Amino acid sequence: MAGKKAAKLPRKVYEKELRRLQTELARLQEWVRAQDARLVVVFEGRDAAGKGGTIKRVTEHLNPRVARIAALPKPTERERTQWYFQRYVQHLPAAGEIVLFDRSWYNRAGVEHVMGFCTKEEHQRFLRQCPIFERMLVEDGILLRKYWFSVSDTEQQERFRRRLEDPLRRWKLSPMDLESITRWEAYSRAKDEMMVHTDIPEAPWYVVESDDKRRARLNMIAHLLDSVPYHHVSPPVLELPDRPASTGYERTPRELQTYVPDHAAGL
């Protein structure tokens with residue numbers, strides 16, 4: 001018998017814990033920088049499963065010079081002739097960097113395979129090469145974490161509907177997303193096959209139940225923090241200097257500059 005569905009996490013509880021976890025993410029970032037570590041976090045899953053929102057919360061208070069998002073567009077004609085993993089390699093982190101892949105090389109195991117954008121031979125080659133590729137990353141010292149965001153078909157349908165009606169989120173909905181509704185089982189089979197080949201000890205998959213977005217974000221971030229052996233790194237001691245005495249500078253008269261109109265005054 002399936003377990004009882006957990007109640008939606010209250011907003012106040014969510015916001016308090018999110019703040020605590022984001023503070024820890026800032027500490028993780030400083031450890032990565034101090035230790036010259038390289039951290040790669042792969043976000044995969046169903047369309048509308050909550051990957052983008054989670055990535056936004058992970059990076060919200062991080063230094064963009066340390067933590068960056070890799071969200072690659074469809075490959076160019078030139079990239080199509082390269083070794084499949086080649087265009088992803090150039091986005092891997094250098095020492096002291098974190099890279100979050102908003103979808104990744106696993107496109108070939110999912111959308112490319114289901115939609116027929118790659119051949120059967122290319123798909124099978126990917127399933128053979130991917131574990132080798134990831135073992136090479138880990139052997140070279142990269143910390144690799146892979147998260148699969150799982151959402152029910154009914155919840156995905158409801159999120160698509162809300163996106164369709166919301167002008168601020170309408171851009172998130174593409175014809176490819178809508179196509180995924182009619183190919184739900186095909187994507188499920190593709191995911192199962194992908195997991196069989198790529199859920200390896202060196203780089204296991206971690207599944208995030210995401211029907212409740214708040215719960216999913218906290219669970220994923222907490223797991224990431226627990227999986228990395230970071231420790232607190234003391235920041236450099238900084239002191240705010242006294243402002244020096246004026247040397248006679250006078251501000252340019254307002255009428256000589258063009259100011260943005262005060263839109264807020266009319267609210």
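Just for the range 95-118: of the residues that are among the hydrophobic types (A, V, I, L, M, F, W, C) and touching a strand residue (DSSP E or B) at 6+ places or on another chain (Cβ under 7 Å), which one is nearest to residue 63 (Cα to Cα)?
The selected residue is 98.
For the range 89-107, give me each residue that is surrounded by fewer than 19 Cβ atoms within 10 Å (Cβ to Cβ) and not aliphatic (A, V, I, L, M).
Answer for the range 89-107, where residues must be surrounded by fewer than 19 Cβ atoms within 10 Å (Cβ to Cβ) and not aliphatic (A, V, I, L, M): 90, 91, 96, 102, 103.
Collect the residues in the range 201-225 that are among the hydrophobic types (A, V, I, L, M, F, W, C) and either in contact with a strand residue (DSSP E or B) (Cβ under 9 Å, 6 or more places away or on another chain) or more than 22 Å from residue 98 (Cα to Cα) (or both), keeping them in residue-number order.
Hits for the range 201-225 are 203, 205, 207, 208, 216, 220, 224.
For residue 69, state whether it is farther than 17 Å from residue 194 by Cβ and among the aliphatic types (A, V, I, L, M).
Yes: the conditions hold for residue 69.
Could you check residue 118 against (1) closer than 30 Å to residue 36 by Cβ; (2) outside any helix (DSSP H, G or I); (3) out of contact with any Leu (no Cβ under 7 Å at 6 or more places or on another chain) and say which number it fails?
Residue 118 satisfies every listed condition except (1).
So, restricting to helices (runs of 4 or more DSSP H) that lie completely within the range 151-267, which ones have at least 2 residues that are within 26 Å of residue 138 (Cα to Cα) and of a type in the set (D, E, K, R)?
184-198, 213-227
Would you mention how many residues in the range 26-40 are of a type in the set (Asp, Glu) and within 19 Å of residue 137 (Cβ to Cβ)?
Total meeting the criteria: 1.
Look through the range 125-182, keep the residues that are modelled with pLDDT under 90 and β-branched (Val, Ile, Thr), and return whichever of them is nearest to residue 99 (Cα to Cα).
Step by step, filter the range 125-182, then rank; the result is 181.
Could you go through the range 166-187 and let me know if any residue there is among the hydroxyl-bearing types (Ser, Thr, Tyr) and surrounded by 14 or more Cβ atoms within 10 Å (Cβ to Cβ).
yes
Any idea which of (1) over 30 Å from residue 17 (Cα atoms); (2) touching a residue at least 60 places away in the same chain (Cβ under 8 Å); (3) more than 19 Å from the chain's Cα centre (by Cα) is the one residue 191 doesn't satisfy?
(3)
Quick check on my filter: what residues within the range 217-239 are touching a residue at least 24 places away in the same chain (Cβ under 8 Å) and farther than 25 Å from residue 130 by Cβ?
Result: 217, 218, 221, 222, 225, 230, 231, 232, 233, 235.
Does the range 26-40 hold any residues that are surrounded by 15 or more Cβ atoms within 10 Å (Cβ to Cβ) and over 12 Å from residue 62 (Cβ atoms), and which are they?
Hits for the range 26-40 are 31, 37, 38, 40.
Taking helices (runs of 4 or more DSSP H) that fall entirely within the range 1-100, which contain at least 2 residues that are more than 19 Å from the chain's Cα centre (by Cα)?
Once the helices (runs of 4 or more DSSP H) in the range 1-100 are filtered for at least 2 residues that are more than 19 Å from the chain's Cα centre (by Cα), what remains is 11-35, 77-80.
Could you check, for the range 23-43, whether at least one of its residues is of a type in the set (Val, Ile, Thr), more than 24 Å from residue 191 (Cβ to Cβ) and in contact (Cβ under 8 Å) with a residue 60 or more places away in the chain?
yes
The values are calculated or read from the model by the stated rules, or taken from the named source; none is laboratory data. Every value quoted in this text rests on a predicted model; they were computed, and no experiment measured them. Quick reminder, even Gly has a Cβ in these numbers, built from the backbone with ideal geometry, and neighbours come from all protein chains shown.
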